[in-house]
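Structure provided below as structure tokens; questions to follow.
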Amino acid sequence: MDWLNRETASAWRSEGRRYAREINDYVRTGMECGWKKRTEGTGG
């Protein structure tokens with residue numbers, strides 16, 4: 001029995017890569033511009 005739905009697994013991998021890319025961009029911006037500037041106007 002093949003318990004792994006390959007399409008679902010592929011979708012999750014793609015979503016994981018997208019999430020990691022967005023987090024890396026956020027951290028890069030924070031490190032380059034300063035965290036205080038990054039959070040101003042975002043409510044956080």
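For the pair LYS36/ASN24, report the inter-label distance in nm, with labels modelled 7 Å from Cα in the Cβ direction.
Inter-label distance under the simple model: 3.0 nm.
May I pose another question? Applying the Karplus parametrisation 6.51 cos²θ - 1.76 cosθ + 1.60 with θ = phi - 60° to the phi angles of the stretch 27-34, what ³J(HN,Hα) value in whole Hz is obtained for each residue in order, glycine and proline being reported as x?
5, 4, 4, x, 6, 7, 9, x
FYI, it's all coordinate maths here, none of it is from the lab. Please read all numbers here as calculations on a predicted model, not as lab measurements. We place every Cβ from the backbone using ideal geometry, glycine too, and count neighbours over all the protein chains shown.
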